[in-house]
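Colleague: So that we are looking at the same thing, I have put the structure below in structure tokens.
The values are calculated or read from the model by the stated rules, or taken from the named source; none is laboratory data. What you are looking at is a predicted structure, and each value in this text was computed from that prediction instead of being measured. Quick reminder, even Gly has a Cβ in these numbers, built from the backbone with ideal geometry, and neighbours come from all protein chains shown. The area values use the complete protein model at the heavy-atom level, side chains included, leaving out ligands, DNA and RNA. Shrake-Rupley method; radii C 1.70, N 1.55, O 1.52, S 1.80 Å.
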Amino acid sequence: MRISVIGCGYLGAVHAAAMTALGHEVVGVDVDAARIAALSDGRAPFYEPGLPELLAETSATGRLRFTTDLSQIAGCAVHFVCVGTPQKHNEFAADLTYVDTAFEGIAAYLAPGDVVVGKSTVPVGTAERLARGLEEVGATLVWNPEFLREGFAVQDTLHPDRLVYGLPEGEAGERGRAVLDAVYATPLAEGVPLVVTDYATAQLVKVAANSFLATKISFINAMAELCEATGADVTALADAIGHDARIGRKFLNAGLGFGGGCLPKDIRAFMARAGELGVDQALSFLREVDSINMRRRVRMVDLAREVCAGSIVGRRVAVLGAAFKPDSDDVRDSPALSVAAQMQLQGAHVIVTDPQAIENARRAWPDLVFAETAEAAAQDADVVILATEWREYRALDPVRLAGLVRSKAIVDGRNVLDPAAWRAAGWTYRALGRP
Ligand code: UDX
């Protein structure tokens with residue numbers, strides 16, 4: 001099939017390459033000329049494991065191209081809209097500017113019978129409004145939310161957990177379904193579960209899933225607060241409750257909490273939308289989920305202060321990690337950077353390191369000082385903070401690091417280090433929710 005992908009960020013770039021890998025002919029469009037130049041060169045414009053290989057493989061087919069010229073989508077039968085929906089300034093609601101601009105822009109190049117596929121995360125009700133706008137050109141809108149995780153984006157796009165189609169009623173819906181079935185023929189043949197539903201449900205599925213994940217993380221972080229008050233160990237608690245298949249161990253890692261370009265803004269936009277719909281009470285628990293999450297960052301700074309004998313002013317602090325999670329260079333709402341910035345503002349000398357995200361972090365927080373390696377960051381440190389659980393930080397040798405720091409104090413913000421090994425090497429080991 002001939003497919004266009006509008007918006008080539010973390011979602012769209014991977015989607016465009018993955019659709020090519022599935023055998024389609026794809027044109028990816030973005031307003032960011034630098035991003036398009038990189039993609040046209042077969043280079044990934046951001047760090048995502050597996051994407052460089054997928055781009056190399058799919059670029060070589062001659063069926064994948066990238067452009068800033070929207071008119072190039074003319075002639076495609078299917079158009080995926082993959083633009084961002086960030087949080088509005090000073091408001092919880094989602095900013096739909098990019099979505100609206102994309103839909104306005106593509107309208108001129110659509111032909112009757114084309115299928116437009118919404119992938120962006122939007123407030124419920126948006127698809128219904130956008131579908132009305134497409135009626136004039138005779139195009140059909142399908143809502144097909146995306147569940148990819150950064151760091152696993154290639155795998156999640158080629159082999160998703162499930163596919164969801166939100167369809168309009170009648171013939172248009174049937175046509176939309178047939179087209180998506182053809183687009184996703186390979187994963188469907190592999191047995192990927194398919195849920196076919198209406199627009200409202202499809203839009204809600206995405207925010208409901210992210211709200212559940214956020215709630216699970218904040219639940220275990222609330223338990224971490226209880227653990228701290230009682231001397232209990234939240235990692236053992238998570239293991240123990242996680243053995244119950246109804247609960248499950250995944251997403252029960254207590255620590256610095258969630259960040260990134262999705263979970264925080266999605267739960268806020270969901271609350272804002274519920275308010276507009278007059279059902280704000282239904283989601284008032286998400287306010288608590290958000291508060292528990294944000295409290296972790298404050299607690300982290302307090303813990304660092306405790307190990308620095310009550311003051312971080314003038315202390316040298318090494319922060320290991322800037323990305324919001326490992327295997328990503330994304331620093332949007334990163335808990336690691338939030339902690340680093342708070343400590344810097346409170347008078348500490350903060351040195352941040354990250355295997356992939358330094359460039360993005362420097363752009364977001366130009367006043368922070370960065371080092372290329374954990375060893376360089378830890379040099380003469382009064383306290384080391386593990387803020388993002390990259391594999392190389394989990395594998396750090398406490399004996400070797402002890403020779404570099406001024407004071408052997410580590411705060412494990414992700415509960416991934418072995419306290420016994422660090423203590424045996426003479427370190428003061430502290431963590432969120434552990435004795
Ligand atoms: C999320 C959803 O998982 C994905 O399905 C959706 O499409 C987009 O949003 P992503 O933002 O890539 O994906 O990150 P995710 O892996 O969900 O992690 C989010 C945050 O939660 C990270 O900051 C991570 O460190 C944190 N987290 C995750 C925890 O603090 N504890 C956990 O147990 C799991």
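Colleague: Strictly greater than 28 Å: what percent of every Cα pair in region 91-233 meets that?
Modeller: Above the 28 Å cut-off, region 91-233 has 30 percent of its Cα pairs.
Colleague: Over all pairs of distinct alpha carbons, what does the Kirkwood formula give as the hydrodynamic radius of region 184-261, in Å?
Modeller: Evaluated on region 184-261, it is 15.0 Å.
Colleague: If you line up the Cα atoms of the chain on their principal axes, what length do they span on each, largest first, in Å?
Modeller: 70, 48, 41
Colleague: Still on this structure: Test of understanding: in a Gaussian network model of the chain with alpha carbons linked when under 10 Å, which of 397, 382, 412 would top the mean-square fluctuation ranking?
Modeller: Between 397, 382, 412, it is 397 that shows the largest mean-square fluctuation.
Colleague: Rounded to the nearest whole Å², what accessible area per residue is found for the chain with the 1.4 Å probe? Walk me through the intermediate numbers first.
Modeller: Working: 18380 Å² over 435 residues.
Each residue of the chain exposes 42 Å² on average to a 1.4 Å probe.
Colleague: Check each of the chymotrypsin sites (Phe, Trp or Tyr not before Pro) in region 51-111 and keep only those in coil by DSSP with at most 12 other C-beta atoms within 10 angstrom; list them in order.
Modeller: For chymotrypsin sites (Phe, Trp or Tyr not before Pro) across region 51-111 that sit outside H, G, I, E and B with at most 12 neighbouring Cβ atoms in 10 Å, the list is empty.
Colleague: I need the fraction of alpha carbon pairs in region 2-197 separated by more than 25 Å, rounded to a whole percent.
Modeller: Summing the P(r) tail past 25 Å for region 2-197 gives 31 percent.
Colleague: Now for a separate question. Given a 1.4 Å probe and the protein chains all in place, what does the accessible area of residue 389 round to, in Å² to the nearest 10?
Modeller: Here the accessible area works out near 50 Å².
Colleague: Among all lysine pairs in the chain that are eight or more places apart or on different chains, how many have alpha carbons less than 26 angstrom apart?
Modeller: Taking the chain as the scope, the lysine pair count is 21.
Colleague: In whole Hz, what ³J(HN,Hα) sequence does region 374-391 give by Karplus (6.51, -1.76, 1.60; θ = phi - 60°), x for Gly and Pro?
Modeller: So the Karplus estimates, Gly and Pro as x, are 4, 5, 5, 5, 7, 3, 6, 6, 8, 8, 10, 10, 8, 10, 9, 7, 4, 3 Hz.
Colleague: OK, next. What percent does the relative contact order of region 1-155 come to when contacts are Cα pairs within less than 8 Å and at least six residues apart?
Modeller: Once normalised by length, the contact order is 24 percent.
Colleague: Amide H to amide H, which residues 5 or more places from residue 370 or on other chains are under 5 Å from it, using H placed in the peptide plane?
Modeller: 352
Colleague: Jot down the radius of gyration and Dmax of region 314-367, Cα atoms only, both in angstrom.
Modeller: 10.2, 32
Colleague: Two decimals is fine: what's Rg over Rh for region 212-431, C-alpha atoms, Kirkwood radius as Rh? Write down the numbers at each step before the final one.
Modeller: On the way: Rg = 17.5 Å, Rh = 17.9 Å.
Checking Rg against Rh, the ratio lands at 0.98.
Colleague: To the nearest 10 degrees, how steeply does helix 97-107 sit against the main Cα axis of the chain, on a 0 to 90 scale?
Modeller: The answer is roughly 20 degrees.
Colleague: At a probe size of 1.4 Å, how large is the accessible area of residue 159, to the nearest 10 Å²?
Modeller: Rounded to the nearest 10, the figure is 80 Å².
Colleague: In whole Å, what is the distance between the alpha-carbon centres of region 1-65 and region 111-177?
Modeller: Distance between centres, Cα-based: 19 Å.
Colleague: Report the net charge of residues surrounding residue 425, where surrounding means a beta-carbon distance below 12 angstrom and charges are Lys +1, Arg +1, Asp -1, Glu -1.
Modeller: +1
Colleague: Which residues' amide hydrogens lie under 5 Å from the amide hydrogen of residue 5, considering only partners 5 or more residues apart or on another chain, with H built in the peptide plane?
Modeller: Answer set, sorted by chain and number: 27, 28, 29, 80.
Colleague: Largest first, please: the extent of the C-alpha atoms of region 50-96 along each principal axis, to the nearest Å.
Modeller: Cα spread of region 50-96 along its principal axes, largest to smallest: 45, 30, 17 Å.
Colleague: What order do you get for 189-198, 348-357 when each peptide is scored by the mean count of other beta carbon atoms within 10 Å, highest first? All intermediate terms of the calculation are to be shown ahead of the outcome.
Modeller: Numbers: 189-198: 12.8, 348-357: 24.3.
Sorting 189-198, 348-357 by mean packing, highest first, produces 348-357, 189-198.
Colleague: Also: Quick one: plug the Kirkwood hydrodynamic radius of region 1-79 (C-alpha pairs) into Stokes-Einstein at 37 °C, 0.692 mPa s, and report D in µm²/s.
Modeller: On the way: Rh = 11.9 Å.
Value of D from the Cα-based Kirkwood radius: 275 µm²/s.
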